[in-house]
Amino acid sequence: IPQSFTLKSYPNPFNPVVRVSFAVPELGQAMVHVFDIKGRELATLTDQNYQTGYYSVNWNAFAYASGIYFITLTSPNARLTQKVLLLK
């Protein structure tokens, strides 16, 4: 059982699919979003209620240009952000 919220992306840099793994230590809503370097939201990977545990989702960035992106996990009690690099 996870003790805290975590967010990890693998591989990083990636081309074109990245696996986003996250841990939820308590029952509740968790959202994972992808933002570009200008702060525009590009994708919502998940937005639902989760039981305590470990989860993962994939982001296929085939339609996006090479560059830096930010993946953010948001819940009522945490907000974590990770920088990822898309190389084509």
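The values are calculated or read from the model by the stated rules, or taken from the named source; none is laboratory data. Computed from a predicted structure; not experimentally measured. Cβ coordinates were reconstructed from backbone atoms using ideal geometry, including for glycine residues, and neighbour counts include every protein chain displayed. With ligands, DNA and RNA removed, areas are computed over all heavy atoms of the protein, side chains included. Shrake-Rupley method; radii C 1.70, N 1.55, O 1.52, S 1.80 Å.
Report the net charge of residues surrounding M31, where surrounding means a beta-carbon distance below 11 angstrom and charges are Lys +1, Arg +1, Asp -1, Glu -1.
-1
Could you please report the charge total around F5, scoring K, R as +1 and D, E as -1 over all other residues with beta-carbon less than 14 angstrom from its beta-carbon?
Once all neighbours under 14 Å are counted, the net charge is +1.
Rounded to two decimals, what ratio of Rg to Rh does segment 4-82 give with C-alpha atoms and a Kirkwood Rh?
0.96
Which percent of the accessible area of the chain is formed by carbon and sulfur heavy atoms (probe 1.4 angstrom)?
53
With every protein chain kept in the model, how would you rank F35, F62 by accessible area, 1.4 Å probe, largest at the top?
F62, F35
Using 0.36 nm per residue of separation minus the Cα-Cα distance, give me the extension gain between D36 and N77 in nm, one decimal.
Answer, rounded to one decimal: 12.4 nm.
At a 1.4 Å probe radius, which order do E41, E26 fall into by accessible area, largest first?
E41, E26
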